[in-house]
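Quick notes on the structure that follows.
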Amino acid sequence: MPTDYISFRDTSYFSSLVCDYLDEKEPLKPFYNRFPKLENFKTQIEEKQSSFSDESREVLVKALNKQYKNAEVSDLTQTNVNLLKNSSTFTIVTGHQLNLFTGPLYFFYKIISTINLCKELKAKYPEFDFVPIYWMASEDHDFEEINFFNFKGKKVQWNRDASGAVGELNLDGLDQVFEIFSSQLNGTVNALELKLNFNESYLNSSNLAESMQYLVNELFKAYGLVIVDGNDHALKTQFIPYVENELTKQTSFSKVSEANLNLNALDGNYKIQVNPREINLFYIKENLRERIIEKDNIYHVNNTDISWSKSEIIKHLNEVPERFSPNVILRPLYQEVVLPNLCYIGGGGELAYWLQLKSNFESQKVVFPMLLLRNSALLIMEKQKQKLNKLNVEVSDLFLNQDALKTKITKQISTIDIDLSSQKQHLKQQFEALYDLAEKTDASFKGAVAAQEKKQINGLEALEKRLLKAQKRKMSDYIGRIVELQNELFPNQSLQERYMNFSEFYLDYGSDFIPKLIQSLRPLQGEFSIVQV
C-alpha cells in the first residue's frame, strides 16, 4: 500500500516532549538509556543479557505455558514461548488496557510496531531471537476507560457496575452488547467474521482477561505474538524484593520526584505526566483494588478496614504476592524485572511518563529499556483519496484545526488577494515617518501617533477578516466538501487512530487488513504514516 509521511511535530497532535525526544534534543538525553536505532540494540542486548538470569527465564516460560493452558496457541507463538528459555532470546514489549473489542485503532499499531521491530532486529542480529510481547493491563481498575468502542460514529458500550481489577470482571451483560453490535453489521463474510470473533471472545470466556487473551491471540497468532498477564502469582513472586523496597524504603517516590523536578527545570515547558505517591502499590482481591497507605508505621488499604504492621505486611507479601499490584509508576519496573526486555513501545503519553522513571530503575539496579514511539497512521481509503485529488487538497492540510483549514483553503483558491500584509507593512512605514516628525516637533505626540497606528492596523485586520468571511460564504460548497472529508478522516476533530475501531476497516478488508498494516508500517521510521488502503 502506498505510504507517505509527515513529521510528528507537523501534525500538531503530539507534545513538545515527545517531539524533542524524537529529535534527540540534548537536554533530554539523561532521561533515557539509548535512542532506538538498530545499531544501538547491540549494547542494550549485552546489558540485558548479563543481568537477566536463567532462573527468571524458567519462571517466565512456566508462567506463560500455564496462562496459555486453555488457549489455542499457534506453532509460532509456542515456539516463541519456548525460545524465552534461551539466554540469546529477548523481548520487545507493548502494553495496553483491556479495551472492549480492542478499543481505538492505535491498539493495532502498538502490536504491529512490536511485531515488525522483532523482524528488523532478527535481520540485523541473526544470532539472537526476538519475541513480540503484548502485556495485558489486567490489573487496572478504570472500567470507564475501557467499556466501549466506537463504530460508525456511535458508541457501543458495556454498562455495568465494576470494581476491582478489570481483568477479573465476569462478562455479564456482554450478550446484550453483542446483540446491539451485531444489529449494526451487514451479512457479508467479513461481518460474520467480526461477529464470530466477538462471540467467541466475550460470550465463551470466564472473565475479561481471558476474553482479551483469546481475541488478541486470534488476531495476531500468525505472527507469534506472546500475550502476558502480569496478574500472576509466579511472576509476582519474582517481584517481591522490589515490592518490599517500595513498602519500606519508598525509593520510587524520591527518585521519580527528583526526576520530575529535573524535567521541570528544562526549557521545554514539559508537562509532567504522572506524579508518584509515597507507596505506588494497590492491594487487590475480588472486587477490590485500593491504594496501600502507610501512616505511623501501620499499613492501610484505602477505603477499607484492612491494615497491617510492617512485619505483618511483609509476611503477607511473601504469602500472596499476587495481591500487591503496581501502579503506573511501578508497573514498568515490574515488567522489566520479569521479562528479558530490550525496548518498550508506547504512545506519546506513555513515553512521557517512562522518561520520568530512569533514575528509579538505576537505583534498583534494573536495566532501563529503550523507548520507542509506536507507529501512528492515518488510513485513507481509495474513494477518499480520489476526493482529495478532485478537491486539490494536500493530506497534510487536513491535520490543521478546522478554522485554520478553512482559512488556508479560502486564501489558496480565492481570485482576490485577501492577504493585506503588504498594506499593513506599507502603513507601518508611513507611521515611521510620522514618528520622526513627532520626535522633531514635540515628543509628547508620539503616544498619539502610536494610538493612531494601532487604530489603522486594527482597521485593516478587521477588513481582512470581513473579506475572508465573505469569500468563505462564496466558496461554502467547496469548503464544505473539504470539511466533510476532514470529518471523515479526523472524527470528532481528533486523530482517526484515537477514535475509530478496527471493525470498520475489517468490514472492507477482512483478514487482509492486518497484513496490509504489517506491510505498510515501519517501527523505526520516526514519522507519522499516511497509508492508502
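The values are calculated or read from the model by the stated rules, or taken from the named source; none is laboratory data. Computed from a prediction, not measured in an experiment: that's the story for all the values here. Glycine also receives a Cβ, built like all others from the backbone with ideal geometry; neighbour counts cover every protein chain displayed. With ligands, DNA and RNA removed, areas are computed over all heavy atoms of the protein, side chains included. Shrake-Rupley method; radii C 1.70, N 1.55, O 1.52, S 1.80 Å.
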Checklist entry - Using a cut-off of 16 Å between alpha-carbon atoms, which aspartates and glutamates can reach LYS455, once sequence neighbours fewer than 8 places away in the same chain are excluded? => result GLU432, GLU464
Next on the checklist: Taking a ≥ b ≥ c as the square roots of the Cα gyration tensor eigenvalues, with a/c under 1.5 meaning rounded and otherwise prolate when a/b beats b/c, else oblate, which class fits the range 276-322?
Outcome noted: rounded
Checklist entry - Which value, in Å² rounded to 10, gives the accessible area of TRP308 with a 1.4 Å probe and all protein chains present? => result 30
Item to check | In the range 1-53, trypsin sites (Lys or Arg not before Pro) in a DSSP loop with at most 16 other beta-carbon atoms within 10 Å | outcome: LYS25, LYS37
Item to check | In degrees, nearest ten, helix 310-319 long axis to first principal axis of the chain (Cα) | outcome: 70
Item to check | Those aspartates and glutamates that a straight Cα-Cα span of less than 17 Å connects to LYS465, excepting residues fewer than 8 apart in one chain | outcome: ASP403, ASP417, ASP419
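Under a point-charge model restricted to the Cβ atoms of Lys and Arg (+1) and Asp and Glu (-1), what is the dipole moment magnitude of the range 429-533 relative to its Cα centre, in debye to the nearest 20?
Using only the charged Cβ atoms, the result is roughly 360 debye.
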Checklist entry - Over the alpha carbons of the range 121-270, what is the largest minus smallest coordinate on each principal axis, giving the biggest first in Å? => result 57, 47, 41
Checklist entry - Excluding ligands, DNA and RNA, what is the solvent-accessible area per residue of the chain at a probe of 1.4 Å, expressed in Å²? => result 46
Next on the checklist: Rounding to the nearest 10 and keeping the result within 0 to 90°, find how far the Cα-based axis of helix 476-489 lies from the longest principal axis of the chain.
Outcome noted: 10
Checklist entry - What trypsin sites (Lys or Arg not before Pro) in the range 312-419 are in a loop by DSSP, with at most 12 other Cβ atoms within 10 Å of the Cβ? => result LYS365
Checklist entry - Pairing the Cα long axis of helix 251-264 with the longest principal axis of the chain, what angle in degrees results, from 0 to 90 and rounded to the nearest 10? => result 10
Next on the checklist: From Cα pairs below 8 angstrom and at least 6 apart in sequence, can you work out the relative contact order of the chain, rounded to a whole percent?
Outcome noted: 24
Item to check | Under 26 Å from the Cα of LYS69 - lysines, other chains or at least 8 residues apart | outcome: LYS85, LYS110, LYS195, LYS221, LYS236, LYS285
Next on the checklist: Once you order the gyration tensor axes a ≥ b ≥ c over the Cα atoms, which shape class does the range 1-120 get: rounded for a/c under 1.5, otherwise prolate or oblate by comparing a/b with b/c?
Outcome noted: oblate
Item to check | Computed label-point distance, nm, for sites GLU278 and ASN297 using a 7 Å Cα→Cβ extension | outcome: 1.5
Checklist outcome for this item: Rounded to the nearest 0.05, FRET efficiency between ASP436 and LYS469 (Cβ-Cβ, R0 30 Å) equals 0.25
Item to check | Dipole magnitude (debye, nearest 20) for the chain, charges at Cβ of Lys, Arg, Asp, Glu | outcome: 1400
Item to check | Unit charges at the beta carbon, dipole of the chain: most positive-side option, VAL61, ASN190, LEU388 | outcome: LEU388
Checklist entry - the range 90-175: D in µm²/s via Stokes-Einstein (Kirkwood Rh, Cα pairs, 37 °C, 0.692 mPa s)? => result 222
Checklist outcome for this item: Flagged as over-length at 19 Å C-alpha distance, from LYS155/LYS406; LYS29/LYS358; LYS249/LYS295, the pairs are LYS155/LYS406
Checklist entry - Using θ = phi - 60° and the Karplus form 6.51 cos²θ - 1.76 cosθ + 1.60, what ³J(HN,Hα) does each residue of the range 494-502 get, whole Hz, x for Gly and Pro? => result 9, 5, 3, 5, 8, 10, 7, 9, 4
Item to check | Separation of alpha-carbon centers, the range 64-137 and the range 261-318, rounded to whole Å | outcome: 30
Checklist entry - With a ≥ b ≥ c the root eigenvalues of the C-alpha gyration tensor of the chain, is it rounded (a/c under 1.5), prolate (a/b larger than b/c) or oblate? => result prolate
Next on the checklist: What is the percent carbon and sulfur in the accessible area of the range 253-294, measuring with a 1.4 Å probe over the protein chains and ignoring ligands?
Outcome noted: 40
Checklist entry - Hey, any idea what % of the range 1-114's accessible area is carbon plus sulfur with a 1.4 Å probe? => result 45
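Sum -39500 (n - 2.57) across every DSSP H segment of at least 4 residues in the chain, then divide by the residue count to get the 222 nm mean residue ellipticity, nearest 500.
Helices in the chain give a 222 nm mean residue ellipticity of -15000 deg cm²/dmol.
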Next on the checklist: Charges at C-beta only: +1 for Lys and Arg, -1 for Asp and Glu. How large is the resulting dipole of the range 285-432 about its Cα centre, in Debye rounded to 20?
Outcome noted: 460
Next on the checklist: To check you understand DSSP bridge types, tell me what percent of the beta bridges within the chain (both residues inside) are antiparallel, rounded to 5.
Outcome noted: 45
Item to check | In nm, spacing of pseudo-spin labels at GLU26 and ALA448 (7 Å Cα→C-beta vector) | outcome: 5.3
Checklist entry - Residue farthest toward the positive end of the dipole of the chain, with Cβ of Lys/Arg at +1 and Asp/Glu at -1: which of ALA71, LEU100, ILE240? => result LEU100
